[in-house]
Every structure is written in structure tokens, then in C-alpha cells.
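This report concerns only the one structure given below.
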Amino acid sequence: MKRVLRFSSVAICLAMLLTLFTGCKTTESKDKVTVCEVTHSIFYAPQYAAISLGYFSEEGITIELSNGQGTDKVMSAVLSNNIDIGFAGPEASIYVYNEGKEDYTQVFALLTQRDGSFLVGRKPDPNFTWDKLRNKVILPGRKGGVPYMALEYAIRKNGLDPDKDTKLDNSIQFALMAGAFTGGTGDYVTLFEPTASMMEAEGKGYIVASIGDQCGEIPYTAYFAKKSYIEKNQALIERFTRAVYKGQKWVETHSAAEIAKVVAPSFADTDVKLLTTVAQRYKDIGVWSSNPVLKPEAFSLLQKVMTQAGELTKNAPYEKVVNTSFAEKVVAATK
């Protein structure tokens, strides 16, 4: 009897160890999520902070990040099921919904709330005024994209007609604009960071104005996925959104120097001192949203800008294109 009891005890112990080992494996396993970002920029510092500080890992997620080099390309990757989550302007989801697609995309987490591009000229101009753009050639990016429309909005706000008073040359792909400008094309170009500051440091161009500062708050960059993907992966979307929110809160409460140090691994070819300058510039104009909730009034402003630009003939319903359930839940849980 004693032998049986001893054997039973050993068996129980082994079973407990096996259960414990299996539990550890489950905890350590991660869900791989493919994310395609519209461009690679410190403009998205909360995302890189969330990756670097392990917030996605804490939520059981491994991020596989790729660069789409354009909102249209990001959306194509999502619609073709080559990418799980797109990270680009919310306008793309408005276009897709208005096209009548049954499995349209929904925006579920906002990251940036202002335009992050800067107007770059060929000479230093500390006394720049927007009327200096009259009759000038500007490289604005892809027509129909938020950078293009935000620039138009800023030009109109300053008393000029972008169609009559300036020439917006949209023939150059987004990723090639900096090279085209340094090669002699255009009088001005709109660039994101750190490209704008790098060009300035090299004496090849000079920042004269912030587009975001002129336009005010507008939903600029957000995460979206096909409605079917969100419905099938609700717990995953919630965990993803929570990691994003952690990154937003961390960036909000830390200095530009601390931000630069944390995101530096995502910008191996950029000097940390330059990253610090860029981070401070973005903090000063308030580009980063403090939480991932895209509000109705912000969505309405975006559609107003799109309508003024002639890119939108009918408004898309907020409750269809935007899904705030995950963002609201993770924000409420931290209060």
C-alpha cells in the first residue's frame, strides 16, 4: 500500500509540473499581429515607445511592422488580407465605406491628432508668412491624402486659394519627395520628421512652418482593420489598443530627451540629439493624442476638410467607420 501511495504521489507531482510547464508555455506565447504603417517617422513616437517599452509584449502581442509608404498602399494591404492592421489616415476608411464595400474597415484607435508635417523651403526664413507661397510650386504628397488636404486647409486659412494662387505638384510619390526637392524640384515641400530636420541639418532645406500648428486638431493617423477581422479578434484588438494607450500615456508624461532615447532603436540611423529636437517640436504643437478615442467632432472636422478639398461628396456615418468600443474600454479601466 505504501508503494502505491508513493507512486501515486510521484504521479501527482509529475502531473502538477506538467500542468505548470504547459501554463508557462501558454503565457509566454504571443499573438503575431502584422501592422503596416503609412511611413516611418518619430511622428508616431507613442507606437515605437509601446514597442520598445514592452507594452505590446505585456499584452501578449508580437508586432511585425512594415512600411507601406502611402495611405493607399496601406489600405490595399489590409483589404487584400496581406496585413492585419493598417496604420494611416482615417480618410482611407471613409473612402472605402463610401465605395460600398460590405467588409469595410473600421478605425478603432487614434494616435495623432494634428498634422505632423512641416513646410520646408530652400532658404532660412524666420519671418515666413503664408502669402510667400503665392505663385510658388509646392510638393504636397498624394492628392486625396490628409497631408495634401491639410496643406490646402492651411493655405485657405491664410487667405490664399491653393488652386489659383499656388501650384501643388502631386506628381511625385510620397517617399520620393525629399529627394526630388533636394534635386531641384519645387520651391517648397511638406515633410515629416526626422526627414525635415535631417535636411535642415545638412543645409538642403529649412523648416519655415508647421502644418499641424495651422490646422489645429484633426484626426490624422489611426489604426484600422476590416470589420470581419475586428469581429473575430475582439480580445486581441482590445489588448492592442491597451498597448497603444500605454504608449500614449508614457509619451505624454516624459520629456523629449526621454522619448528620443526610448524610440532610438526604431531610428538606428538618426542621431539621438536630432530625435530629441524633433520630439520636442512635436510636443510643442501637441501632435500626439492623449488617448485612442476618436471623437465625433474630430471626425466631422476631417470630413469638412475633405469636402473643402473636393475629395468627398457625401459624409460617411461616424458610427459605421469609427469603432470606439475598445478605446473607451481601455481608457475607462485606467480611471
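Rule-based calculations on the coordinates, nothing more; no lab input. Nothing here was measured: the structure is a model prediction, and the numbers come from that model. Note that each Cβ is placed from the backbone with ideal geometry, even for glycine, and that neighbours are counted across all protein chains shown.
Using C-alpha pairs below 8 Å separated by at least 6 residues, the relative contact order for the chain is 26 percent. Summing charges over neighbours of ILE51, with a neighbour being any other residue whose Cβ is under 13 Å away from its Cβ, gives -2 when K and R count +1 and D and E count -1.
Computed 3J(HN,Hα) for the range 159-170, one whole-Hz value per residue from the Karplus formula 6.51 cos²θ - 1.76 cosθ + 1.60 where θ = phi - 60°, is x, 10, 9, x, 7, 9, 9, 9, 10, 9, 8, 9, glycine and proline marked x.
Counting Lys +1, Arg +1, Asp -1, Glu -1, what net charge surrounds LYS136 among other residues with beta carbon under 11 Å of its beta carbon? Taking every Cβ under 11 Å from that of LYS136, the sum is 0. For the range 234-335, the equivalent ellipsoid derived from the alpha-carbon gyration tensor has semi-axes of 29, 21, 12 Å in decreasing order.
Return the subset of LYS136/LYS164; LYS249/LYS320; LYS143/LYS167; LYS226/LYS304; LYS30/LYS73; LYS143/LYS227 for which the Cα-Cα distance in this structure is over 21 Å, preserving the input order. As for pairs spanning more than 21 Å Cα to Cα, those are LYS249/LYS320; LYS226/LYS304; LYS30/LYS73; LYS143/LYS227. Summing charges over all other residues whose Cβ lies under 14 Å from the Cβ of THR185, with Lys and Arg as +1 and Asp and Glu as -1, gives +2.
Each principal axis of the Cα cloud of the range 114-199 was taken in turn, and the coordinate range along them, longest first, works out to 30, 30, 26 Å. Under a Gaussian network description of the chain, with springs only between Cα atoms under 10 Å, the residue in THR253, THR62, THR195 that fluctuates furthest is THR253. Rg and Dmax over the alpha-carbon atoms of the range 48-149 stand at 17.8, 53 Å.
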